[in-house]
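Read the structure below first, then the notes.
The values are calculated or read from the model by the stated rules, or taken from the named source; none is laboratory data. Worth saying up front: this structure is predicted, and the values here are computed from it rather than measured. A quick note on method: Cβ atoms are made from the backbone with ideal geometry, for glycine too, and the neighbour counts reach across all protein chains shown.
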């Protein structure tokens, strides 16, 4: 997305989510040479036991395609995952990393539960 980031991560035992996000912003600023200011707050959602990170990963991956920010046949350069085997849907992407067209056309209801956390 052009003005924000989506990140899926697992917390360890030492840092709470606020401190973890603060450290992440610091590392990103240093690595990218970002001189601007980060938004002070953030929105977080803890996955429940019955929720799968696969669903959220797919939702986040499709976000710029469904919003019309990327052409359907383009790879999303902003998508990064340290271990591509982490998400099974990545095995189904096209030769350039693009999603199948039918994924982009899925109705919003398919993702409604993820967006609301219900």
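Figures for the structure shown
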{"quantity": "Which listed residue, of 38, 79, is assigned by TED's automatic domain parsing to the domain that holds residue 5, part of a loop (DSSP other than H, G, I, E, B), out of contact with any strand residue (DSSP E or B) (no Cβ under 7 Å at 6 or more places or on another chain) and surrounded by 10 or more Cβ atoms within 10 Å (Cβ to Cβ)", "calculated": "38"}
{"quantity": "Which listed residue is modelled with pLDDT of 85 or more and in a loop (DSSP other than H, G, I, E, B), from 15, 47, 11", "calculated": "15"}
{"quantity": "Which numbered condition residue 72 fails, given (1) assigned to a loop (DSSP other than H, G, I, E, B); (2) in contact with a helix residue (DSSP H, G or I) (Cβ under 8 Å, 6 or more places away or on another chain); (3) at pLDDT below 85", "calculated": "(3)"}
{"quantity": "Residue list for the range 1-30, restricted to those being closer than 14 Å to residue 41 by Cβ, surrounded by 12 or more Cβ atoms within 10 Å (Cβ to Cβ) and over 15 Å from the mean Cα position of the chain (by Cα)", "calculated": "17, 22, 25"}
{"quantity": "Top-ranked residue of the range 91-108 - restricted to ones that are in a helix (DSSP H, G or I) and in contact (Cβ under 8 Å) with a residue 12 or more places away in the chain, ranked as surrounded by the fewest Cβ atoms within 10 Å (Cβ to Cβ)", "calculated": "101"}
